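Participant: The structure follows.
The values are calculated or read from the model by the stated rules, or taken from the named source; none is laboratory data. Since this is a predicted model, take the numbers as computed values, not measurements. Neighbour counts run over all protein chains shown; Cβ positions are idealised from the backbone, glycine included.
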Amino acid sequence: MQYVSTRGAAPKLGFEEAMLAGLARDGGLYVPETWPRMSEAEIAALAGLSYEEAAFRVMRPFIGDAFTDRELEGIIGRAYAGFRHAARVPLRQTGPNDWLLELFHGPTLAFKDVAMQLIGQLFEASLARSGRRITIVGATSGDTGSAAIEAFRGRAGVEVFILFPDGRVSEVQRRQMTTPAEANVHALAIAGDFDDAQARLKDLFNDHAFRDGVGLAGVNSINWARVLAQTVYYFTAAVALGAPHRPVSFTVPTGNFGDVFAGYVARRMGLPIERLVIATNQNDILHRTLETGAHRRAGVRASISPSMDIEVSSNFERLLFELYDREGAAVAGLMGELAGGGFELSQGALGRLRAEFDSARASEEETRAAIAAAWAATGELVCPHTATGLHAARVRRGDPRVPMVVLATAHPAKFPDAVEAATGERPALPGWMADLMARPERVTRVANDVAAIKDVIGRATVGEGAR
Ligand SMILES: *Cc1c(COP(=O)(O)O)cnc(C)c1O
């Protein structure tokens, strides 16, 4: 399997190189050259398998000869061994034909662990072979950073730097990033919002001398392996609910468009997904794009679902590549316009977008109401991101006979203030994490300036090499 850049001007790479590269050298994102298909019989055969076995079958065709079957089995097994639920990603019924897919049983209590734990193992296997050293830099709206730190803390040959928007993540999120004591972990609080952090990250990758000098590697959802890992749970959930013999719908709380794009990939592979609903919070650029065809920035406003406070949804570029018949030059043109504020989709592209996705926005009030409604109806506390999904699933429900699965993206205890305000009930951290609030923190503040960030990374990695 070869990977091509969405901007059409970078070399094709195999799975391992695309994974280690993160961003392509033309500024684009890597996508598979073709979509592997699973037949109806192959999908049906996933029924009753463990999560790990299903993950192996879904991901195998994308990996080519980068890892042997045995290596891949070992990688997958180690990735999910630390999940605190035997099903890894259990389904929970919330209504007659309504389900929550609980993706938060990993070590940092958000769905980011599903992909990041796998990436940690994939990188380790690859680096052990090559003896290479790498510097991982990530930008986070809260959950990616802690998941990346958890996946790479203490690993040999890896330094991890995470840029998070100072003051804009929840206390639990911040502490998950600032309390690990391993010397290879560096939490950087940037003076800006998530889009600033992500833009500085792209600046680092686009400085090829710096990139090669420190061995920069990316683990944001620009990394194809993240998206791939997330494709698996669409299959396991749909098959548990009767696919491929009946279609299933999904609603996905969306920020950077990685998780919902993974659903699109599952559909391309042959999974019968009826509706794929994009749920946004008040930062609704994606919902507006579906409504109007204009993809235009309006400024990010902080919300009670901070992991979705994003306007520049990186993975939307992967979808644009599809909507524009895989014309890299067209995508590069649109991304240039986005830097100036936005762009208008062609009629053809908009038609295709609307054929693949539905969307809805949840205001702050609607998000709080959805948390309260879930509590009243089922006695479940849900996180505010999940609540935007519950709202969107209700307003875009469609055929009631088709199961609707809402992706539950984080544990409610990651966002206790919002949950308590909506229900009067304060969600508790799981016992195994209860001492988080007492651990000492370690953080470096940085300006929203690429030179300052390079300086911090340069000093830490030079110090590392000299040891
Ligand atoms: C990252 C995140 C999202 C958004 O996912 P994307 O893949 O960025 O669209 C939603 N909810 C939670 C809790 C998250 O951490």
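Participant: Take the residues in the stretch 375-390 that are in contact (Cβ under 8 Å) with a residue 12 or more places away in the chain and more than 15 Å from the ligand (Cβ to nearest atom), then tell me which one is surrounded by the most Cβ atoms within 10 Å (Cβ to Cβ).
Facilitator: That would be TRP375.
Participant: Would you mention how many residues in the stretch 167-184 are part of a loop (DSSP other than H, G, I, E, B) and closer than 22 Å to HIS411 by Cα? Break it down into steps so the answer makes sense when it comes.
Facilitator: Initial filter on the stretch 167-184 (part of a loop (DSSP other than H, G, I, E, B)): 167-170, 179-184.
With closer than 22 Å to HIS411 by Cα added as a condition, the list becomes 167-170, 179-180.
Looking only at that region, the number is 6.
Participant: Would you point out the residue of the stretch 309-322, among those that are assigned to a helix (DSSP H, G or I) and under 12 Å from TYR264 (Cα atoms), that is nearest to the ligand (Cβ to nearest atom)?
Facilitator: Going residue by residue through the stretch 309-322, those that are assigned to a helix (DSSP H, G or I) are 316-322.
From the residues that got through so far, the ones that are under 12 Å from TYR264 (Cα atoms) too are 316, 318-319, 322.
Working: PHE316: 10, ARG318: 11, LEU319: 12, GLU322: 17 Å.
Among residues in the stretch 309-322 that are assigned to a helix (DSSP H, G or I) and under 12 Å from TYR264 (Cα atoms), the one nearest to the ligand (Cβ to nearest atom) is PHE316.
Participant: Same structure again: Just checking, which of ALA238, ALA298 is free of Cβ contacts under 8 Å to residues at least 24 places away in the same chain and either in a strand (DSSP E or B) or among the aliphatic types (A, V, I, L, M) (or both)? Reasoning before the result, please.
Facilitator: Values: ALA238 fails: free of Cβ contacts under 8 Å to residues at least 24 places away in the same chain.
Among ALA238, ALA298, only ALA298 is free of Cβ contacts under 8 Å to residues at least 24 places away in the same chain and either in a strand (DSSP E or B) or among the aliphatic types (A, V, I, L, M) (or both).
Participant: Kindly provide the set of residues from the stretch 186-235 that are free of Cβ contacts under 8 Å to residues at least 40 places away in the same chain and not small (Gly, Ala, Ser), ordered by number.
Facilitator: Within the stretch 186-235, ARG211, ASP212, TYR234 meet the criteria.
Participant: Can you pull out the residues in the stretch 141-164 that are within 14 Å of the ligand (Cβ to nearest atom), free of Cβ contacts under 8 Å to residues at least 60 places away in the same chain and not in a helix (DSSP H, G or I)?
Facilitator: Matches in the stretch 141-164: ILE162, PHE164.
Participant: Quick one: ALA197 ticks every box in (1) part of a helix (DSSP H, G or I); (2) closer than 30 Å to ALA47 by Cβ; (3) of a type in the set (A, V, I, L, M, F, W, C) bar one, so which box is it?
Facilitator: All conditions are met except number (2).
Participant: Now for a different question. Hey, does the stretch 231-249 have a residue that's more than 16 Å from the ligand (Cβ to nearest atom), surrounded by 22 or more Cβ atoms within 10 Å (Cβ to Cβ), among the polar types (S, T, N, Q) and closer than 16 Å to LEU407 by Cβ?
Facilitator: Looking for residues that are more than 16 Å from the ligand (Cβ to nearest atom), surrounded by 22 or more Cβ atoms within 10 Å (Cβ to Cβ), among the polar types (S, T, N, Q) and closer than 16 Å to LEU407 by Cβ, one finds at least one in the stretch 231-249, hence yes.
Participant: Which of the residues that make up the stretch 426-451 are surrounded by 15 or more Cβ atoms within 10 Å (Cβ to Cβ) and in contact with a Leu (Cβ under 6 Å, 6 or more places away or on another chain)?
Facilitator: Residues satisfying the conditions are PRO427, VAL446.
Participant: In addition: Considering the stretch 268-295 alone, what residues qualify as being assigned to a loop (DSSP other than H, G, I, E, B), more than 15 Å from the ligand (Cβ to nearest atom) and crowded, with 22+ Cβ neighbours inside 10 Å? Can you show your working first?
Facilitator: Taking the stretch 268-295 and keeping what is assigned to a loop (DSSP other than H, G, I, E, B), we get 269-272, 281-284, 293.
Okay, now just the ones that are also more than 15 Å from the ligand (Cβ to nearest atom), so 269-272, 293.
Answer for the stretch 268-295, where residues must be assigned to a loop (DSSP other than H, G, I, E, B), more than 15 Å from the ligand (Cβ to nearest atom) and crowded, with 22+ Cβ neighbours inside 10 Å: just LEU271.
Participant: Taking into account only those residues within the stretch 250-267 that are more than 6 Å from the ligand (Cβ to nearest atom) and under 17 Å from VAL395 (Cα atoms), which is nearest to the chain's Cα centre (by Cα)?
Facilitator: Out of the qualifying residues, it is VAL252.
Participant: Another one. Which condition breaks for LYS414 when tested against (1) more than 16 Å from the ligand (Cβ to nearest atom); (2) at pLDDT below 95; (3) under 28 Å from VAL158 (Cα atoms)?
Facilitator: Checking LYS414 against (1) more than 16 Å from the ligand (Cβ to nearest atom); (2) at pLDDT below 95; (3) under 28 Å from VAL158 (Cα atoms), the one that fails is (1).
Participant: Give the residue that is surrounded by the most Cβ atoms within 10 Å (Cβ to Cβ), with candidates limited to residues of the stretch 84-115 that are away from the ligand (no atom under 16 Å from the Cβ) and assigned to a loop (DSSP other than H, G, I, E, B). Break it down stepwise before answering.
Facilitator: If we filter the stretch 84-115 for residues that are away from the ligand (no atom under 16 Å from the Cβ), which is where we start, we get 84-88, 90-99.
Now restrict to residues that are assigned to a loop (DSSP other than H, G, I, E, B): 84-88, 90, 96-97.
Details: ARG84: 13, HIS85: 13, ALA86: 9, ALA87: 13, ARG88: 23, PRO90: 17, PRO96: 8, ASN97: 17.
Step by step, filter the stretch 84-115, then rank; the result is ARG88.
Participant: Return the residues of the stretch 15-26 that are surrounded by fewer than 19 Cβ atoms within 10 Å (Cβ to Cβ) and part of a loop (DSSP other than H, G, I, E, B); say none if nothing qualifies.
Facilitator: Looking only at the stretch 15-26, we keep the residues that are surrounded by fewer than 19 Cβ atoms within 10 Å (Cβ to Cβ), and these are 17, 25-26.
Correct list: ARG25, ASP26.
Participant: Of the residues that sit in the stretch 323-340 and are at pLDDT 95 or above and in a loop (DSSP other than H, G, I, E, B), which one is farthest from ASP166 (Cα to Cα)?
Facilitator: ASP325
Participant: Please determine whether any residue of the stretch 184-193 is acidic (Asp, Glu) and at pLDDT 95 or above.
Facilitator: Residues of the stretch 184-193 that are acidic (Asp, Glu), as a first pass: 193.
Among the residues that remain, those that are also at pLDDT 95 or above are: none.
No - not one qualifying residue is present in the stretch 184-193.
Participant: Please go through the stretch 49-83 and give me each residue that is outside any loop (DSSP other than H, G, I, E, B) and surrounded by fewer than 19 Cβ atoms within 10 Å (Cβ to Cβ), ordered by number.
Facilitator: Residues satisfying the conditions are GLU52, GLU53, ARG57, ARG60, PRO61, ASP69, ARG70, GLU71, GLU73, GLY74, GLY77, ARG78.
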